[in-house]
Amino acid sequence: MSVQYYEGIGRRKESSARVRIMSGSGKFIVNDKPGDEYFNRLGDVQAIMAPLQVVGENTSQLDITVVVKGGGVTGQTVAVQLGVARALLLMNPDLRSTLRKGGYLTRDPRIKERKKPGLKRARKAPTYTKR
């Protein structure tokens, strides 16, 4: 028996998240751990669930499983949030305007800037001395 699920991919900086939403009992699993155990910073789980609240989806009837890799805590949080929004969009395409208005479908394009030759980091120059 195959389980019907909707999958969304979210990315931010070096983080990449694969989110699957299916009907179930309201479980939120991230990398085989409970979601609130994996994202234990205050407000992270609420930020991830924000697209669900905006569209009025009942979270107690949806199982969400996430595989997230790379990056830091904030990057992973935003990547999972984008993945949830994209999976919701596959579930119901009519939600596009609501999710777009909330800013949940826009990928943050900012990435780490490369180091330039002659500089210490991307922009930090060596100390200038006149003599």
Region 51-102: number of residues that are exposed (fewer than 14 other Cβ atoms within 10 Å of the Cβ), small (Gly, Ala, Ser) and within 22 Å of LYS27 (Cβ to Cβ): 2
Residue count, region 16-65 (criterion: within 12 Å of GLN76 (Cβ to Cβ) and of a type in the set (Phe, Trp, Tyr)): 2
Hits in region 36-48 (condition: more than 13 Å from the chain's Cα centre (by Cα) and on the phi < 0 side of the Ramachandran plot): ASP36, GLU37, TYR38, ASN40, ARG41, LEU42
Test set (1) part of a loop (DSSP other than H, G, I, E, B); (2) touching a residue at least 24 places away in the same chain (Cβ under 8 Å); (3) closer than 20 Å to SER60 by Cα - ARG41 fails condition number: (3)
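Tally the residues that are touching a residue at least 60 places away in the same chain (Cβ under 8 Å), on the phi < 0 side of the Ramachandran plot and out of contact with any Phe, Trp or Tyr (no Cβ under 6 Å at 6 or more places or on another chain), restricting the search to region 6-35. Working first, answer last.
Pass one, region 6-35, residues touching a residue at least 60 places away in the same chain (Cβ under 8 Å): 6-21.
Next, from what is left, pick out any that are on the phi < 0 side of the Ramachandran plot: 6-12, 14-21.
Retained after the next criterion (residues that are out of contact with any Phe, Trp or Tyr (no Cβ under 6 Å at 6 or more places or on another chain)): 6-12, 14-19.
Residues meeting the conditions: 13.
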Region 84-113, residues that are among the small types (Gly, Ala, Ser) and part of a loop (DSSP other than H, G, I, E, B): GLY103
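Any read-out appearing in this document is the output of simple, stated calculations on the displayed coordinates, not a laboratory observation. Worth saying up front: this structure is predicted, and the values here are computed from it rather than measured. In this analysis, Cβ positions are derived from the backbone assuming ideal geometry, glycine residues included, and neighbour counts consider all displayed protein chains.
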